[in-house]
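No lab work stands behind these numbers, since they all come straight from the coordinates. Remember, predicted model here, so these are calculated numbers, not experimental data. Here Cβ is always computed from backbone atoms with ideal geometry, including for glycine, and neighbour counts include all displayed protein chains.
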Amino acid sequence: MDWLNYHHLLYFWVVAREGSMSRACEQLHVAQPTISSQIRKLEKSIGNSLFKRIGRNLELTETGQLVLRYADEIFSLGNELTDVLRGRPAGSPLQFLVGVADVLPKMIVYRLLEAALDLPEPVQLLCVEGKVSSLLMELASHRLDVVLSDSPMESTVNVRAYHHLLGECHVVIFAKASMARKYRRNFPKSLDNAPFLFPMRNTALRRMLDHWFDTHNIQPQMMGEFDDSALTKVFGAAGVGLFAAPSAVEKEIRQHYHIQPVGVLSGIKECYYVISIERKLKHPAVVAILNAARERLFT
């Protein structure tokens, strides 16, 4: 390939970022046969396929992923050149698109992402919260840079991505001050028949709690199940029941909700991961998160 046809590359880039031919047609205002023809010409000039069809979905090949990374840089520079020529200053904020699993404690998410906001260059943060399965599909379609999760990639998920351990921490039981004093005596046996606020069953924390209680023959009284960890803490602060939370943000939880620790559940730990389509993390914001997590948050 002596010369790259940037018009063909643009069509490929839009399809890769949109995740489908139909959405790319809407963006480019051209018919699907035109886009298909241009991409075939690009593949012929490169000598490799850029997409593979899985059912009705298009997925990037290894060559396609490589070409996409370069295309991102090429068209990013093109946009910057356009801004400069129009008289707008260069150095616009670095866009960072993050998918956040809805089961993650909001304080953990903030502590992780604040490292990205402390970079020397300005960062424009876009957070999307949802189920991990949905977020991974967005990641595969290159609509997200990374996904933050409480569990690693499952082998059953049909998405080519890699998980990186950010860190792990102990699980602490918290309660309103008067309840904390009561159940701190004879802990953890005191948890038997104690009022308890559980996370939903689809979370890693809930699975660990159920296993821990079964192993220790302890049966708390379920006062409720919560999809939102922040809402759990509000009910806990009101004295409705005890609840579990990560030790990494114990100080913030105590200060914000005016509650006290009851005790640490020995033998279990919460883990946190960043999931990326790249085996080696390169995005400066992601690297900052990884370093901050390992050096400060999960020490």
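The long axis of helix 106-117 is offset from the longest Cα principal axis of the chain by roughly 40 degrees. Cross-link partners of residue 41 among aspartates and glutamates, defined as those whose alpha carbon lies under 15 angstrom from its own and excluding same-chain residues fewer than eight positions apart: 2. Between the residues 200, 187, 78, the greatest Cα displacement towards the positive end of the dipole of the chain, with unit charges on the Cβ of Lys, Arg, Asp and Glu, is found for 187. Against the longest principal axis of the chain, how steep is helix 204-215, in degrees 0 to 90 to the nearest 10, with axes from Cα atoms? Between helix and principal axis, roughly 30 degrees. Amide H contacts of residue 262 (H built 1.01 Å from N, in plane; Pro and chain starts excluded): 173, 174, 175 sit under 5 Å, all sequence-distant by 5 or more or on other chains. Rounded to two decimals, the Cα radius of gyration of the chain over 2.2 N^0.38 Å is 1.24. Cβ crowding within 10 Å ranks 63, 215 as 215, 63, fewest other Cβ atoms first.
Annotation: amide H of residue 129 within the under-5 Å range of 100, sequence separation 5 or more or interchain, hydrogens built in the peptide plane. Take each peptide in 183-193, 202-212, 118-128, count the other Cβ atoms within 10 Å of every residue, and average; sorted highest first, the result is 202-212, 183-193, 118-128.
Peptides 260-268, 9-17, 240-248, ordered by how many other C-beta atoms sit within 10 Å of their residues on average, highest first, read 240-248, 9-17, 260-268. Across segment 182-221, counting alpha-carbon atoms alone, Rg and Dmax equal 10.4, 31 Å.
When all alpha carbon pairs of segment 199-297 are counted in 5 Å bins from zero, the resulting P(r) reads 2, 10, 18, 20, 18, 14, 9, 6, 3, 0 %.
Annotation: the antiparallel percentage among DSSP beta bridges lying fully within the chain is about 55. The angle between the Cα long axis of helix 62-85 and the longest principal axis of the Cα atoms of the chain comes to about 80 degrees, rounded to the nearest 10. For residue 151, nonlocal amide neighbours, meaning residues 5 or more places apart or on other chains whose placed amide H falls under 5 Å from its own, are 273. Over segment 6-85, the hull volume per residue, using the convex hull of the C-alpha atoms, is 90 Å³. Normalising the average separation of contacting C-alpha pairs (under 8 angstrom, six or more residues apart) by the number of residues puts the relative contact order of the chain at 21 percent.
Beta bridges assigned by DSSP with both partners in segment 168-270 are antiparallel in approximately 60 percent of cases.
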